[in-house]
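Only one structure is covered here, and it is reproduced in the block below.
Nothing in this text is a laboratory measurement; each read-out follows from the coordinates by a stated rule. What you are looking at is a predicted structure, and each value in this text was computed from that prediction instead of being measured. Positions of Cβ are backbone-derived with ideal geometry, glycine not excepted, and every protein chain shown enters the neighbour counts.
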Amino acid sequence: MNLTDDRERVARAREALACARAVAVLTGAGISAESGIPTFRDAMTGLWSRFKPEDLATAEAFQRDPRTVWDWYAWRRERVNGVQPNAGHAALVALEQSCARRGARFDLVTQNVDGLHHAAGSRRVHELHGNIRRVRCFANDHPAERWPDGDRPPRCAVCGSMLRPDVVWFGESLPEAALAEAMRAAGACDVFLCVGTSAVVEPAASLPFAALEAGALVIEVNPHPTPLTRHASITFAGPAGIVLPSLVA
Ligand code: OAD
């Protein structure tokens with residue numbers, strides 16, 4: 001792509017975002033990469049390199065080996081607590097604010113469990129896969145704010161069952177309200193912005209296609225091609241922290 005094409009695409013995307021009556025955004029692990037959180041599929045480093053995420057992120061894995069699964073999430077939670085939102089998160093806050101100023105609808109759907117959109121200041125966030133900063137019990141979903149050191153996993157103060165991260169594991173249902181909002185937003189938006197997701201995990205992967213079918217302009221931001229790339233209306237093969245600020249400035 002030459003510079004003129006780049007400028008043209010930026011201008012088209014900026015105008016579409018600035019004029020839309022309803023904007024929907026889907027984010028994945030890529031938007032947090034520049035905050036220093038490895039993407040889901042790159043996350044297994046150091047001690048964890050002999051595991052596959054798909055083998056730890058299941059209820060069966062937790063029942064079989066609760067300590068290993070708890071420790072993996074505790075390690076990830078620690079990393080998340082130590083990082084800050086980046087320019088990509090901030091650009092989505094600015095986009096939400098500009099939509100609010102002109103009375104346009106804005107929905108941010110995320111597959112990320114790191115809570116960085118909230119930390120950046122985004123307000124209408126639908127978390128499809130839960131949030132790693134929250135904990136609940138395995139048997140009854142009792143939320144837990146704190147727990148004693150010692151047992152790994154710790155026990156629920158109410159019912160004594162094991163505590164687990166409040167995230168969606170493979171094979172589990174997504175939170176109904178978040179999923180319903182995500183599907184509504186995808187079907188009703190004029191512009192759908194898909195950022196930093198490999199676009200392979202359902203049902204999130206279908207959202208940009210639902211938007212396309214409903215006639216929305218679909219913009220993808222991802223340095224690498226995905227199954228969406230050849231269908232998207234406008235694509236930016238660059239990092240979210242650089243591309244998003246240029247679309248929203
Ligand atoms: P992945 O790790 O599958 O994909 C991350 C995507 O981000 C890749 O397509 C990268 O090319 C892209 N990427 C990397 N750096 C980027 C940057 N700086 N800016 C923009 N994009 C960048 O993560 P997800 O697609 O989020 O679900 O994974 C979706 C779901 O798969 C996860 O939520 C998880 C997993 O199954 C559950 O745990 C239920």
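Observations on the structure shown:
- For segment 176-231 and segment 59-111, distance of Cα centres in Å: 17 Å
- Estimated [θ] at 222 nm from DSSP helical runs (n ≥ 4, -39500 (n - 2.57)) normalised by residues in the chain, nearest 500: -11000 deg cm²/dmol
- Relative protection proxy for 182-193, 153-164, from highest mean packing down: 182-193, 153-164 (other beta-carbon atoms within 10 angstrom).
- Whole-Hz Karplus values for segment 190-196 come out as 8, 10, 10, 10, 10, 10, x Hz, taken residue by residue from phi with 6.51 cos²θ - 1.76 cosθ + 1.60 and θ = phi - 60°; glycine and proline positions read x.
- The charge dipole of the chain, taken about its Cα centre with unit charges on the Cβ of Lys, Arg, Asp and Glu (plus for the first two, minus for the last two), comes to roughly 400 debye.
- Angstrom value of the Kirkwood radius, inverse mean 1/r, which spans all Cα pairs in segment 1-130: 16.8 Å
- Close amide-amide hydrogen proximity is noted between Phe106 and Val23, each under 5 Å apart and 5 or more residues distant or on a separate chain (H modeled in the peptide plane; Pro and chain starts excluded).
- The chain - Rg over Rh from alpha carbon coordinates, Kirkwood radius: 1.00
- Protection proxy ranking for 85-96, 227-238, using the average of other Cβ atoms within 10 Å per residue and placing the highest first: 85-96, 227-238.
- Folded to 0 to 90 degrees: helix 66-81 orientation relative to the chain principal axis, Cα: 40 degrees
- Ordering of 107-114, 134-141 by packing [mean C-beta count within 10 Å, highest first]: 107-114, 134-141
- Were the residues from Cys159 through Ser173 laid out at 0.36 nm apart, the gain over their Cα-Cα distance would be 2.8 nm.
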